[in-house]
Amino acid sequence: MIEFGQVRAFVAVADELNFGRAAKRLNMTQPPLSRQIQILEATLAVKLLERTSRSVRLTAAGRAFLSEARTMLQQREHAVKAARQAASLAGGALSIGFVGATTYGYLPWLATRVRDELPDIEITFEELTSRQQLDALRSGRIDLGLVRPIETEKPIRSASVFREGLALALPLDHPLAVRRRPELSHLEGQPFIMYSSGGPYMRTLLTAAFDANGIRPQVVQSMSQAQAILSLVSAGLGLAIVPDETRNACFDNVVFRPIRLGPSVFAELHAIWRSDNRNTALPRLRELAFRTAR
């Protein structure tokens, strides 16, 4: 079994190419240093260093192992640092995954509430797709995810924390821009920028609304992210229906108008987490998210 002391000794010798300097760097004498290298070579069953009375050089195996050895030491340092940081916090630490759609309003709002109400918990945010968040939850990489509604299975649980209306995004000079509240029927035959299969929740939501109302817009482009969709609207390529919070995106040539797709049709955001997660800080975060759900 490889020990970190052996790896650290090898890296020092590989850097210095001199046992005397390496021993001094590690604050030890040469005999135990040489012994560490010998044990490491025996464990790996390869020769890492060519040694003579005058020189030390890496073998081909040594050069290959050096890169991995540095990575091992870096990972160890990172693990130690993370553990010490978590231990120094009375409330603990949490990692939150989020989809890009949350950045227009909900995520900044939640981050502010966490800062104000849970200051003793260290929060790390990571942008991931919904599917990536499911994988990250299974592996323990994140503690909580923020996603559009998605099918889950035990032990992953899901609950709605936010829902928002929908808005029609259109170029500033489009004839419908003068209307305060366009109707869905006004989209018949209009060039339309649709969500692609990369944004399945919104695509399904819009398709169902169009089918229910017998509306057939002319889909000219499909994009997975609202930011990309709005960029095409700004270029005058067509209209789009997006969650209302995306009006916070900055596009000079785009105006937003409220539009109803049907009774009780909203874009929802869900929190997902593992029911068997033993992180003691997680219930406090969930309680905050659910108590202040909008």
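The values are calculated or read from the model by the stated rules, or taken from the named source; none is laboratory data. The shown structure was predicted, so the numbers you read here are calculated from the model rather than taken from an experiment. Because the Cβ atoms are built from the backbone with ideal geometry, glycine has one as well, and the counts that use them run over all protein chains shown. Just so you know, the surface numbers come from the protein's heavy atoms only, side chains and all, with ligands and any DNA or RNA stripped out. Shrake-Rupley method; radii C 1.70, N 1.55, O 1.52, S 1.80 Å.
Would you pick out the residues in the stretch 1-23 that are open to solvent by 30 Å² or more (accessible area, probe 1.4 Å), more than 25 Å from Ala79 (Cα to Cα) and within 43 Å of the chain's Cα centre (by Cα)?
Glu16, Leu17
Scan the stretch 245-281 residue by residue and report those that are among the acidic types (Asp, Glu), surrounded by fewer than 20 Cβ atoms within 10 Å (Cβ to Cβ) and in a helix (DSSP H, G or I). Quick ask: steps written out before the conclusion?
Going residue by residue through the stretch 245-281, those that are among the acidic types (Asp, Glu) are 245, 252, 268, 276.
Checking the rest, the ones that are also surrounded by fewer than 20 Cβ atoms within 10 Å (Cβ to Cβ) come to 252, 268, 276.
Answer for the stretch 245-281, where residues must be among the acidic types (Asp, Glu), surrounded by fewer than 20 Cβ atoms within 10 Å (Cβ to Cβ) and in a helix (DSSP H, G or I): there is none.
Look at the stretch 51-67 and say how many of its residues are of a type in the set (D, E, K, R) and modelled with pLDDT of 90 or more.
Looking only at that region, the number is 2.
Within the stretch 185-213, how many residues are in contact with a Gly (Cβ under 8 Å, 6 or more places away or on another chain) and either among the basic types (Lys, Arg) or closer than 16 Å to Ser264 by Cα (or both)? Working first, answer last.
First, pick out the residues of the stretch 185-213 that are in contact with a Gly (Cβ under 8 Å, 6 or more places away or on another chain): 190-193, 209, 212-213.
Right, trim to either among the basic types (Lys, Arg) or closer than 16 Å to Ser264 by Cα (or both) and you get 209, 212-213.
Result for the stretch 185-213: 3.
Residues to consider are Leu230, Leu206; find the one that is in contact (Cβ under 8 Å) with a residue 60 or more places away in the chain and assigned to a helix (DSSP H, G or I).
Details: Leu206 fails: in contact (Cβ under 8 Å) with a residue 60 or more places away in the chain.
Exactly one of Leu230, Leu206 is in contact (Cβ under 8 Å) with a residue 60 or more places away in the chain and assigned to a helix (DSSP H, G or I), namely Leu230.
Please state which one of Ile241, Ile215 is closer than 30 Å to Gly97 by Cα and aliphatic (A, V, I, L, M). Quick ask: steps written out before the conclusion?
Values: Ile215 fails: closer than 30 Å to Gly97 by Cα.
Within the list Ile241, Ile215, the selection yields Ile241.
Residues to consider are Arg131, Arg157, Arg141, Arg113; find the one that is open to solvent by 90 Å² or more (accessible area, probe 1.4 Å), out of contact with any Pro (no Cβ under 6 Å at 6 or more places or on another chain) and either among the polar types (S, T, N, Q) or over 17 Å from Asn277 (Cβ atoms) (or both).
Values: Arg157 fails: either among the polar types (S, T, N, Q) or over 17 Å from Asn277 (Cβ atoms) (or both); Arg141 fails: either among the polar types (S, T, N, Q) or over 17 Å from Asn277 (Cβ atoms) (or both); Arg113 fails: open to solvent by 90 Å² or more (accessible area, probe 1.4 Å).
From the options Arg131, Arg157, Arg141, Arg113, the qualifying one is Arg131.
Among the residues of the stretch 282-292, is any modelled with pLDDT under 95 and in a strand (DSSP E or B)? Reasoning before the result, please.
Filtering the stretch 282-292 down to residues modelled with pLDDT under 95 leaves 282-292.
Retained after the next criterion (residues that are in a strand (DSSP E or B)): none.
Within the stretch 282-292, not a single residue is modelled with pLDDT under 95 and in a strand (DSSP E or B).
Residues in the stretch 210-226: is at least one among the aliphatic types (A, V, I, L, M), over 21 Å from Ala159 (Cβ atoms), in a strand (DSSP E or B) and open to solvent by less than 40 Å² (accessible area, probe 1.4 Å)? Working first, answer last.
Of the residues in the stretch 210-226, the ones among the aliphatic types (A, V, I, L, M) are 212, 215, 219-220, 223, 226.
Now drop any that are not over 21 Å from Ala159 (Cβ atoms), which leaves 212, 215, 219-220, 223, 226.
Subsequent filtering for residues that are in a strand (DSSP E or B) retains 219-220, 223.
Filter once more, so that each one left must be open to solvent by less than 40 Å² (accessible area, probe 1.4 Å): none.
Within the stretch 210-226, not a single residue is among the aliphatic types (A, V, I, L, M), over 21 Å from Ala159 (Cβ atoms), in a strand (DSSP E or B) and open to solvent by less than 40 Å² (accessible area, probe 1.4 Å).
What are the residue pairs meeting all of these: first residue in the stretch 1-25, first residue under 16 Å from Thr52 (Cβ atoms), second residue in a helix (DSSP H, G or I) and open to solvent by 60 Å² or more (accessible area, probe 1.4 Å), Cβ atoms under 7 Å, and 6 or more apart or on different chains?
What qualifies is Glu16/Arg25; Phe19/Gln30; Gly20/Gln30.
Restricting attention to the stretch 117-128, which residues are at pLDDT 90 or above and either among the hydroxyl-bearing types (Ser, Thr, Tyr) or open to solvent by 60 Å² or more (accessible area, probe 1.4 Å) (or both)?
Of everything in the stretch 117-128, those that are at pLDDT 90 or above and either among the hydroxyl-bearing types (Ser, Thr, Tyr) or open to solvent by 60 Å² or more (accessible area, probe 1.4 Å) (or both) turn out to be Thr124, Phe125, Glu127.
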